[in-house]
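**Student:** Dumping the structure here so I can ask a few things about it.
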Amino acid sequence: MRSDTIPPSSARIFAYVAALLLLASSHAFAQETLEKRVKEYTLDNGLRIIVLQRAGSPSFAAYIRFLVGGIDEEAGQSGTAHILEHMLFKGSENIGTLDFKKEEPLMKKAEEIGRNIDTEVRKGDKGDSEKIKRLKDELGKTLEEQRKYIIKDEISSIYQRGGGSGFNAFTSQDTTTYLVKLPSNKFELWAWIESDRLRSPVLREYYSERDVVLEERRRSVDNSPSGTLYEQYGAAAFQAHPYGNPIIGWSSDISLLPKDKVRKFLQTYYSPGNMVICIVGDIEPDYAYNTIRRYFGDIPRQEIPDRVGTKEPMQKGERRIMVEFDANPEAMIGFHKPPVPHKDDYVFDVINYILTSGRTGRLYRSLVLEKGIAVSVDAWTGPGDRGGNLFNFHAVPRSPHTVAEVEKAIYDELEKLKTEPVSLRELEKITNNVEADYIRKLKSNSGLAHYISSYAILLGDWRYMTTYSDRIKEITAEDIMAVATKYFTKNNRTVAILVRPEGKTPEKKASK
């Protein structure tokens with residue numbers, strides 16, 4: 001029978017089954033080959049190296065992850081991990097300077113002046129404003145003098161000249177990550193630069209960079225409705241655990257964060273035994289290992305202090321806050337949940353697929369398409385996996401509908417999860433989506449390096465990503481009902497609502 005004689009409905013079924021078989025075989029093959037091809041090494045100083053050689057373009061992606069983030073900061077020093085990430089772009093004794101011997105005395109002088117300014121500012125109303133002004137003028141002149149020796153953004157320039165791209169870094173509550181993509185013949189250059197950043201960092205221009213971070217905070221939090229709402233929501237959900245502090249830090253902490261505290265943080269946590277390097281691309285594994293050993297092997301291991309032991313106490317009732325901001329209303333809702341790799345965490349991932357997998361997700365279909373009461377609705381897991389975690393919702397009502405309407409509609413969908421078993425067909429669809437996502441993760445060197453390094457540093461074993469879909473397949477309709485009933489309760493709920501300040505009214509759009 002020719003294919004064009006097959007009835008349309010049968011053709012679709014055939015294509016669907018064929019796609020499923022192809023997806024299943026591709027997924028199984030990808031799992032098996034990944035397990036065999038990833039090579040792991042550990043240096044004597046504790047540095048873990050993971051290499052996946054891939055043919056194709058002569059390039060590689062490099063991810064360096066440290067098991068340190070906002071969760072590790074001391075009280076009154078929020079934002080330390082993030083500002084340190086900024087400072088590591090400033091170079092070292094060898095990079096970013098025309099003459100470090102001449103620059104160093106000026107850098108030390110700037111540090112002493114900055115410390116004196118902070119001391120005076122900490123006095124509050126009793127501080128000497130004239131002295132502060134004089135010291136700031138002196139600091140400005142010293143920095144100008146120091147800048148005669150500074151080569152701005154030299155690391156980035158070297159990578160760009162070498163054909164690199166995607167040179168970046170990011171800080172989370174759990175980890176700090178540095179990444180770049182480079183041609184394969186620049187691997188040794190990468191090893192030299194990155195080991196040098198660890199070996200001789202100088203944290204130059206610290207006080208001006210601290211101001212840059214404060215400006216970043218004003219832009220992304222203080223002047224952002226969603227940023228302000230999320231920060232206040234996190235602080236309400238975590239009253240004991242450090243996850244309640246923003247990653248970027250509170251303004252008062254950032255503005256007086258001492259440079260020596262940031263340096264101490266670096267010396268403590270940027271240790272070979274507290275990091276993972278993941279290389280994915282056209283690099284032979286043993287060559288990668290030997291090169292990394294040559295450049296990183298003599299960096300001494302540091303003793304990592306005891307990690308934070310605070311646990312968020314079980315919530316004793318709903319936490320609800322109103323956050324004033326002259327903007328349209330929106331809401332965040334969260335429920336405490338266990339972190340990865342707890343079994344219930346897999347169930348929450350399935351619930352996330354059910355509720356928010358694009359336009360076919362239950363929440364989008366109900367709130368946006370059918371009821372027309374929301375502009376957008378989304379769900380995600382965060383802020384981290386080293387402490388207790390949250391399952392979060394963010395929704396924006398469609399005017400003239402209210403946050404209360406949207407909130408009730410979300411709770412109605414959660415109640416259905418408790419009482420109505422999810423169909424086998426819906427579970428199969430989720431499994432297919434998970435396997436398709438897995439295949440997509442394998443597409444790029446950067447994507448693979450991202451996930452492998454993330455699971456390796458957080459869970460101790462990157463293979464979480466190869467076993468994930470099998471665990472998802474084990475989730476049953478009964479598991480979903482049990483988890484929904486256990487966690488989606490009022491007592492376990494935090495709600496933050498953005499409201500317009502009293503007396504403020506929405507600006508009317510100008511008529512054309």
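The values are calculated or read from the model by the stated rules, or taken from the named source; none is laboratory data. This is a predicted model, so every value here is computed, not measured. So basically every Cβ, Gly included, is an ideal-geometry build from the backbone, and we count neighbours across all protein chains shown. When the accessible area is computed, the model is the full protein with side chains, heavy atoms only, and any ligands, DNA or RNA have been set aside. Shrake-Rupley method; radii C 1.70, N 1.55, O 1.52, S 1.80 Å.
**Student:** Residue check, Ser423 against (1) closer than 27 Å to Ser165 by Cβ; (2) surrounded by fewer than 19 Cβ atoms within 10 Å (Cβ to Cβ), all met but one. Which one?
**Tutor:** Just one mismatch for Ser423, condition (1).
**Student:** Might you check whether a residue that is of a type in the set (D, E, K, R) and out of contact with any helix residue (DSSP H, G or I) (no Cβ under 6 Å at 6 or more places or on another chain) occurs anywhere in region 386-394?
**Tutor:** The answer is no, given that none of the residues of region 386-394 is of a type in the set (D, E, K, R) and out of contact with any helix residue (DSSP H, G or I) (no Cβ under 6 Å at 6 or more places or on another chain).
**Student:** Cβ-Cβ below 7 Å, separation at least six or inter-chain, first residue in region 53-78 and on the phi > 0 side of the Ramachandran plot, second open to solvent by 10 Å² or more (accessible area, probe 1.4 Å) and among the charged types (D, E, K, R): which pairs?
**Tutor:** These pairs meet every condition: Gly56/Asp282; Gly76/Asp253.
**Student:** So, one more: In region 357-389, how many are over 24 Å from Glu312 (Cβ atoms) and open to solvent by 30 Å² or more (accessible area, probe 1.4 Å)?
**Tutor:** 12
**Student:** Looking at region 227-252, which of its residues are closer than 17 Å to Gly76 by Cα and aliphatic (A, V, I, L, M)?
**Tutor:** Ala235, Ala240, Ile247, Ile248
**Student:** Now for a different question. Condition first: among the β-branched types (Val, Ile, Thr), within 18 Å of Ile472 (Cα to Cα) and in a helix (DSSP H, G or I). Now tell me which residues in region 421-456 satisfy that.
**Tutor:** Ile430, Thr431, Val434, Ile439
**Student:** Find all pairs meeting these conditions: Cβ atoms under 6 angstrom apart; at least six residues apart or on different chains; first residue within region 392-415 and under 13 Å from Glu330 (Cβ atoms); second residue surrounded by fewer than 16 Cβ atoms within 10 Å (Cβ to Cβ) and among the small types (Gly, Ala, Ser).
**Tutor:** Pairs found: Val396/Ser376.
**Student:** Next up: So Lys316 clears everything in (1) open to solvent by 20 Å² or more (accessible area, probe 1.4 Å); (2) modelled with pLDDT of 95 or more; (3) charged (D, E, K, R); (4) closer than 20 Å to Gly234 by Cα except one condition, right? Which one?
**Tutor:** With (1) open to solvent by 20 Å² or more (accessible area, probe 1.4 Å); (2) modelled with pLDDT of 95 or more; (3) charged (D, E, K, R); (4) closer than 20 Å to Gly234 by Cα applied to Lys316, the lone miss is (2).
**Student:** So, one more: For the subset of region 175-213 comprising residues that are part of a strand (DSSP E or B) and touching a His at 6+ places or on another chain (Cβ under 9 Å), which member is nearest to Tyr159 (Cα to Cα)?
**Tutor:** Leu179
**Student:** Only residues that are under 18 Å from Lys490 (Cβ atoms), under 31 Å from the mean Cα position of the chain (by Cα) and polar (S, T, N, Q): list them for region 366-422, please.
**Tutor:** Of everything in region 366-422, just one residue is under 18 Å from Lys490 (Cβ atoms), under 31 Å from the mean Cα position of the chain (by Cα) and polar (S, T, N, Q), namely Asn392.
**Student:** It is to be established whether one or more residues within region 258-273 are more than 30 Å from Gly297 (Cα to Cα) and either more than 18 Å from the chain's Cα centre (by Cα) or at pLDDT 95 or above (or both).
**Tutor:** Taking every residue of region 258-273 in turn, at least one turns out to be more than 30 Å from Gly297 (Cα to Cα) and either more than 18 Å from the chain's Cα centre (by Cα) or at pLDDT 95 or above (or both).
**Student:** Out of all the residues in region 229-239, which are touching a residue at least 12 places away in the same chain (Cβ under 8 Å) and not in a loop (DSSP other than H, G, I, E, B)?
**Tutor:** Of everything in region 229-239, those that are touching a residue at least 12 places away in the same chain (Cβ under 8 Å) and not in a loop (DSSP other than H, G, I, E, B) turn out to be Leu229, Tyr230, Glu231, Gln232, Tyr233, Gly234, Ala236, Ala237.
**Student:** State all residues of region 481-495 that are part of a helix (DSSP H, G or I) and open to solvent by less than 30 Å² (accessible area, probe 1.4 Å); if no residue qualifies, say none.
**Tutor:** Those that are part of a helix (DSSP H, G or I) and open to solvent by less than 30 Å² (accessible area, probe 1.4 Å): Val483, Ala484, Tyr487, Asn492.
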